[in-house]
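The values are calculated or read from the model by the stated rules, or taken from the named source; none is laboratory data. Since we're looking at a predicted model, the values are computed, not measured. Cβ sites come from the backbone with ideal geometry, for glycine too, and all protein chains shown count toward neighbours.
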Amino acid sequence: MDIGYAMNYQHVCEIDTTPQDGAPTWAWFGPGIKSISADKSETTSEEYFFDGGGQAETSVDAIARAYNVSGYRRPGDPAQDFVAGLDEETGDALLTKIRMTGPTGEMVERDVTVHEIKASDPTGDANVKTEFSCKLSCKGSPRLVEESAGTDLPDSVTAQAVTVAVGGTSAIGASVSPATASQRVLCAVLDPKVAEVTTDGLVTGLKAGKTTVTVKAAAKPSVMAQVEVTVTAGAQAAKA
């Protein structure tokens, strides 16, 4: 089935919470987030030529793009906590990257400045939720990470059970059918004391035991799979 009209929730916006490291750590702007909107402005110039009858011709000389993220503050959410931690920062401390995945699976990365942060202070009446918001102003041109898969909606997700040692990591090898649908998935763990999982499926063992990870197709979250995660005691723990 074709996607039809794209919905805003089908766009996945993630932020790198470890910009100082060599490898990014991506956190999803999902829980508590009500709105993500692009704000694009253009710098233009007009010229008038004899061969155009003296009529104006407009050229776009530069583009400025930003994303406005807003919703309710949810302490413990990795993306929100990272932004909240920047509330008093200035200069290069506010620089990081974002990763945007569209409904067709096309993925781009952008360098951004995080500013206009509202995350640490009360925002109104006693009986309403604390607001969260920030602005992600882009720097330079986007970098294409993954091409569009196509315009079909997902109809199934498959993923295999994972076994990982305490302190170890293992990726959930999820795939989406058909191949012409976005392959992007969003993962969440049932028991965060046993294991943690990134939104794109990297599992880290925290405590020996078992839990479940739910893997949803980003373009159609009702299409999902559940996989068992077994965390075993590490070699050092076993000797102890």
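ASP200 meets each of the listed conditions (1) over 16 Å from GLY105 (Cβ atoms); (2) crowded, with 19+ Cβ neighbours inside 10 Å apart from (1).
All told, ALA126 meets the bar of being of a type outside the set (S, T, N, Q) and in a loop (DSSP other than H, G, I, E, B). Taking each residue of region 160-189 that is outside the structural domain of PRO78 (by TED's automatic domain parsing) and looking for partners that are in a strand (DSSP E or B) and among the acidic types (Asp, Glu) with beta-carbon atoms closer than 6 Å, six or more apart or interchain, yields ALA161/GLU228; PRO178/ASP152; THR180/ASP152; ALA181/ASP152.
For the criterion of being closer than 20 Å to ILE15 by Cβ and of a type outside the set (S, T, N, Q), LEU153 fails.
Here SER120 passes the criteria (1) among the hydroxyl-bearing types (Ser, Thr, Tyr); (2) in contact with a Phe, Trp or Tyr (Cβ under 9 Å, 6 or more places away or on another chain); (3) modelled with pLDDT under 95 except the one numbered (2). Scanning region 69-108 for residues that are in contact (Cβ under 8 Å) with a residue 24 or more places away in the chain and among the β-branched types (Val, Ile, Thr), we see that the one that is nearest to TRP26 (Cα to Cα) is ILE98.
Between ASP111, ASP51, which is free of Cβ contacts under 8 Å to residues at least 40 places away in the same chain, more than 14 Å from CYS134 (Cβ to Cβ) and part of a strand (DSSP E or B)?
Matching residue, one of ASP111, ASP51: ASP111.
When you scan region 107-117, do you find a residue that is in contact with an Asp or Glu (Cβ under 7 Å, 6 or more places away or on another chain), at pLDDT 95 or above and in the same structural domain as TRP26 (by TED's automatic domain parsing), even just one? Checked against the condition, which is being in contact with an Asp or Glu (Cβ under 7 Å, 6 or more places away or on another chain), at pLDDT 95 or above and in the same structural domain as TRP26 (by TED's automatic domain parsing), region 107-117 yields at least one hit.
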